[in-house]
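Step one of this worksheet: look at the structure below.
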Amino acid sequence: MNDESRLLRIKEIIIENGQEAVEKAKAEILNSRYDNGAVASALKYFVKNNLKNSLPVFPALLTLSCKATEKDSKKTVPVAASLALIAWAADIH
């Protein structure tokens with residue numbers, strides 16, 4: 001396996017293990033009851049336009065850590081979604 005195929009496999013693993021949490025976090029923002037104001041507009045813009053090609057690294061690391069301990073990784077989705085929201089807040093800031 002060459003370097004390029006290793007990198008592609010790592011990307012696949014990150015997406016497989018972090019995407020569910022990212023989708024949950026996106027839904028929280030896009031379905032927010034706070035539709036008015038500059039902050040809500042900025043968040044929705046960020047989710048719709050800036051996250052198209054981003055990798056869910058932090059949520060994936062949390063899920064993979066849980067899997068490493070042979071625990072139910074589905075239980076990490078809400079926490080991983082929160083972690084994604086915090087990381088995105090730092091990106092916006």
**Asked** Which helices pass in the chain if a helix is a full DSSP H run, must span at least 24 angstrom along its long axis by Cα, and must have mean Kyte-Doolittle hydropathy not below 0.0?
**Response** none
**Asked** Which percent of Cα pairs goes in each bin when the distances of the chain are cut into 5 angstrom slices starting at zero?
**Response** 2, 14, 22, 21, 16, 12, 7, 3, 1, 0, 0
**Request:** Quickly estimate the mean residue ellipticity at 222 nm for the chain, helices only: each DSSP H run with n ≥ 4 gives -39500 (n - 2.57), and the total goes over all residues, rounded to 500.
**Result:** -25000 deg cm²/dmol
**Prompt:** Going from most exposed to least, what order do ILE14, ILE86, ILE92 have by accessible area with a 1.4 Å probe?
**Reply:** ILE86, ILE92, ILE14
**Item:** Accessible area in square angstrom per residue, the chain, 1.4 angstrom probe
**Value:** 72 Å²
**Prompt:** Which percent of the accessible area of the chain is formed by carbon and sulfur heavy atoms (probe 1.4 angstrom)?
**Reply:** 57 percent
**Request:** Between VAL39 and LYS75, take the C-beta separation as r, use R0 = 30 Å, and let me know the FRET efficiency to the nearest 0.05.
**Result:** 0.50
**Message:** Only Cα pairs within less than 10 Å get springs; with that Gaussian network setup on the chain, which residue of ALA60, ALA80, ALA38 has the largest fluctuation?
**Reply:** ALA38
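The values are calculated or read from the model by the stated rules, or taken from the named source; none is laboratory data. Model, not experiment: these values are computed from the prediction. Glycine gets a Cβ as well: all are built from the backbone with ideal geometry, and neighbour counts include every protein chain shown. Areas reflect the complete protein model, heavy atoms only, side chains present, ligands, DNA and RNA absent. Shrake-Rupley method; radii C 1.70, N 1.55, O 1.52, S 1.80 Å.
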